[in-house]
Amino acid sequence: MSEEWDYKICCMGAGYVGGPTMAVIAKKCPKVRVCVVDISQKQIDAWNSPKLPIYEPGLPEVVEECRGKNLFFSTDLTTEIQNADMIFISVNTPTKTQGIGAGRAANVKNCELCARTIAEVATTGKIVVEKSTVPVRTADAVRRVLKCNEKGLEFQVLSNPEFLAEGTAIDDLMEPSRVLIGGQQTPAGLAAIDSLVKIYANWVPNDQIITTNLWSSELSKLVANAFLAQRVSSINSISALCEATGADVNEISRAVGSDVRIGSRFLKSSVGFGGSCFQKDILNLVYLCETYGLDECAAYWNQVIQLNDYQKKRFSAKMVSKMFNTVTGKKLSIFGYAFKKDTGDVRETPSMFVVRDLVQEGAKVFVYDPQVSREDMFIEMAYTCNVTKENTPRLEESITTSTCPYEAAKGSHAIAILTEWDEFKDYDYNRIYESMAKPAFVFDGRNILDHAALREIGFEVYAIGKPDPTQFNDL
């Protein structure tokens, strides 16, 4: 180590996890040199520019404060790996699309490639930290690859999964509920764990830093996301029952969540969960259970995914059925395409599946989202839904991206709220109603609007888990 720095960290992968995590480490550890590396020149150029490649509240300020001081972004993997004391692997681990385990197993190719690159170019031993979400026992593969280096170098492999929520990632990093570090329970492994503990101890209280063996740490990340997604699917299943019986899902959530044994978090019904983690991690868990012959366990967790798919399809079907069983040729407005507010991430977003269904029904879909680009919409639709202009005639003509919500709604037969952006609550819905075709429908997939006020204006309103006042006379 040089006299200038107490420690040097390299992070392989400049995405949603690596960038923000390293930025906060740099901010909290001014005597630690942090460099994020990636093979994508475009991605690194964006991190080195005023317009960062991801949208995350609070991130630009942290990057601006540290960049060029102790936070750097580079495509020079070899130099940064060689200079680092500790290397984080923070690369994408998507669900496999073909081969053994396709549709369920995680593809850890990128993790292995990182390990092979480290083994090839490193000139001294390193602590290698899995930051990517991986199947349990992936660290064993990483360790074996590193051990095959031809220079006799010793590496220690740790697991340090992220527990970030997009939209609040900076707050989650600044004040984490816990930091989890797993490593081998050997003298060398425990020493490596202590090295990483010392980094986080610059701002995280010791009682919030949990240390475990490698396998507990790897599996804990999958289980955490599975439990959160399970709660979403659980309340969404109840939303369907509420609509059928006249109960109100928000009142159910409040009553149930008031029980301290249950709690209120993740009991907000919606059109479904999305994002890069929940579905991927549950499918990974399902595959692991199947691999170890735990078929009943696999079926249990797979039902969480099935219910989420049902909720998205149910929303699309309700839109069609309430609009006289046809949307062919009708202009429909989609407010929100990101999978949640305060992010531009469209991976596995429920909005995409609803848009796909409506396009297949022949609708003319107009999408407004304050952070999502048209390019990102179509890239994700092709990757996840296999919907492209080659296999879907007039796809691009059927979907218009709008820069103004009022223009998106003008002449529309319906508005569907599919992301809970705060700004959607503040629009002039009298103005919107006057500009729409009649009858004008609102389908609230996030339960964020004032439904009584909308009905007073003249809208026909349908919402997730809310009773239809035209169907029940005893509410």
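A few points about this structure:
- Among the residues making up the range 343-384, those that are of a type in the set (S, T, N, Q) and free of Cβ contacts under 8 Å to residues at least 60 places away in the same chain are Gln360, Ser373, Thr384.
- Flag for Val249 being touching a Cys at 6+ places or on another chain (Cβ under 8 Å), farther than 30 Å from Gly183 by Cβ and open to solvent by less than 20 Å² (accessible area, probe 1.4 Å): yes
- Condition check for Leu454: of a type in the set (A, V, I, L, M, F, W, C), in contact (Cβ under 8 Å) with a residue 24 or more places away in the chain and not in a helix (DSSP H, G or I): no
- Residue match in the range 155-162 (condition: of a type in the set (Gly, Ala, Ser), in contact with a strand residue (DSSP E or B) (Cβ under 7 Å, 6 or more places away or on another chain) and open to solvent by 40 Å² or more (accessible area, probe 1.4 Å)): no
- Within the range 318-348, tally of residues that are open to solvent by less than 20 Å² (accessible area, probe 1.4 Å), touching a helix residue (DSSP H, G or I) at 6+ places or on another chain (Cβ under 7 Å), part of a loop (DSSP other than H, G, I, E, B) and of a type outside the set (Gly, Ala, Ser): 3
- Screening Arg144 against (1) out of contact with any Leu (no Cβ under 6 Å at 6 or more places or on another chain); (2) buried (at least 18 other Cβ atoms within 10 Å of the Cβ) leaves a single unmet condition, (2).
- Val304 satisfies every condition listed in (1) over 26 Å from the mean Cα position of the chain (by Cα); (2) crowded, with 22+ Cβ neighbours inside 10 Å; (3) in a helix (DSSP H, G or I) except (1).
- If you go through the range 100-115 and keep only what is touching a residue at least 24 places away in the same chain (Cβ under 8 Å) and among the hydrophobic types (A, V, I, L, M, F, W, C), you end up with Ala105, Ala106, Val108, Cys111, Cys114, Ala115.
- Qualifying residue in the range 216-233 (condition: over 21 Å from Phe273 (Cα atoms), open to solvent by 10 Å² or more (accessible area, probe 1.4 Å), part of a loop (DSSP other than H, G, I, E, B) and at pLDDT 95 or above): no
One line per residue, one yes/no per condition, for (1) touching a residue at least 60 places away in the same chain (Cβ under 8 Å); (2) out of contact with any Lys or Arg (no Cβ under 7 Å at 6 or more places or on another chain); (3) among the aromatic types (Phe, Trp, Tyr); (4) open to solvent by 30 Å² or more (accessible area, probe 1.4 Å):
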| residue | (1), (2), (3), (4) |
| --- | --- |
| Asp6 | no, no, no, yes |
| Gly13 | yes, yes, no, no |
| Val24 | yes, yes, no, no |
| Pro30 | no, yes, no, yes |
| Ala46 | no, yes, no, no |
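- Qualifying residue in the range 90-99 (condition: closer than 23 Å to Val197 by Cα, touching a Gly at 6+ places or on another chain (Cβ under 6 Å) and in contact (Cβ under 8 Å) with a residue 60 or more places away in the chain): yes
- Filter result for the condition that a residue is under 23 Å from Trp5 (Cα atoms), of a type in the set (Gly, Ala, Ser) and touching a Lys or Arg at 6+ places or on another chain (Cβ under 9 Å), over Ala105, Ala165, Ala122: Ala122
- Selection of the range 246-274 for residues being farther than 17 Å from Ile464 by Cα, in a loop (DSSP other than H, G, I, E, B) and either of a type in the set (Lys, Arg) or out of contact with any helix residue (DSSP H, G or I) (no Cβ under 9 Å at 6 or more places or on another chain) (or both) yields Ser258, Asp259, Val260, Arg261, Arg265.
- Checked against the criterion of being under 18 Å from the mean Cα position of the chain (by Cα) and open to solvent by 50 Å² or more (accessible area, probe 1.4 Å), the candidates Lys109, Lys131, Lys96 yield just one match: Lys96.
- Residue check for Gln279: open to solvent by 40 Å² or more (accessible area, probe 1.4 Å) and not hydrophobic (A, V, I, L, M, F, W, C): no
- Criterion: among the β-branched types (Val, Ile, Thr), within 30 Å of the chain's Cα centre (by Cα), open to solvent by less than 70 Å² (accessible area, probe 1.4 Å) and within 13 Å of Leu332 (Cβ to Cβ) - qualifying residue of Ile448, Ile399: Ile399
- Residue check, Glu243 part of a helix (DSSP H, G or I), among the acidic types (Asp, Glu) and in contact (Cβ under 8 Å) with a residue 60 or more places away in the chain: yes
- Residue list for the range 168-192, filter: farther than 19 Å from Ala26 by Cα and in a helix (DSSP H, G or I): Pro187, Ala188, Gly189, Leu190, Ala191, Ala192
The values are calculated or read from the model by the stated rules, or taken from the named source; none is laboratory data. Predicted model, so just to flag it, every value in this text is computed and none were measured. We place every Cβ from the backbone using ideal geometry, glycine too, and count neighbours over all the protein chains shown. In case anyone asks, the SASA skips ligands and DNA or RNA and just uses the protein heavy atoms, side chains included. Shrake-Rupley method; radii C 1.70, N 1.55, O 1.52, S 1.80 Å.
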